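Okay, so here's the structure we're looking at.
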Amino acid sequence: MPVYFDTTDSSLSTNATIWSEWTCSATTGDDWAITNNHVWTTWSVATTYATTAIDRLSQQLDRLADVFAPQDAAAQAEAAARAERRRVESEQAQARQQEATRKARALLDSFLSEQQRQQLQRQQFFEVIARGSRTRYRIHAGAHGNIERLDSRGRVVAKLCCHVKDHSLPDEDHMLIQRLMLEHNEDEFVKTANVTPRRAA
């Protein structure tokens, strides 16, 4: 246990000496062998070092934030601007496609008879008769593999695939070209097309 001394003890001239004696004196074999003085010194020095290290780290982080934060903000702003441009461009492209489809459908309708327009409206196809052979064809909505050749009983006997190379055209433009070719130049159309025979049911 600590030993206390009177401050008037002639052998202990100052309070500092008394404090030192108090903190360093202990009974031999006491469980707490490390002195309070050592504990205090270790704790205070370690805390000072830790606090200093934390302060320095905090200062470094602040400097890094000053350097990189403006760049990050600028990069984020640029990314947001690019995303907005892509969104606007996508909406504009979609609007142009919708307008092209609307015009193509109006042009197709202008070349169809009333019966053909009703067929397309109700059944998603219309039929056309080739002028030379009088063969009947059915043109479905679409552009690829969308044509059927019918026999005299209306059964499908072949499927044809023939379209222009420009895939950006609306389907209605493909269908109009197919109709005009089959009606006025059937031989050339069939010669160009990929024809797949079908067994009539």
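Here segment 136-157 is the region considered, the condition is being outside any loop (DSSP other than H, G, I, E, B) and among the aliphatic types (A, V, I, L, M), and the residue that is surrounded by the most Cβ atoms within 10 Å (Cβ to Cβ) is ILE147. With respect to the conditions (1) of a type in the set (D, E, K, R); (2) farther than 22 Å from VAL190 by Cβ; (3) in a strand (DSSP E or B), GLU127 lacks only one, and its number is (2). Residues in segment 70-105 that are hydrophobic (A, V, I, L, M, F, W, C) and in contact with an Asp or Glu (Cβ under 7 Å, 6 or more places away or on another chain): ALA104 only.
Exactly one residue out of LEU182, LEU108, LEU160 is buried (at least 20 other Cβ atoms within 10 Å of the Cβ), modelled with pLDDT of 95 or more and either in contact with an Asp or Glu (Cβ under 7 Å, 6 or more places away or on another chain) or of a type in the set (D, E, K, R) (or both): that is LEU108.
Criterion applied to VAL195, VAL164 was being farther than 21 Å from ALA104 by Cβ and among the β-branched types (Val, Ile, Thr), and the one residue passing it is VAL195.
The values are calculated or read from the model by the stated rules, or taken from the named source; none is laboratory data. None of these values were measured; they are calculated from a predicted model. Quick reminder, even Gly has a Cβ in these numbers, built from the backbone with ideal geometry, and neighbours come from all protein chains shown.
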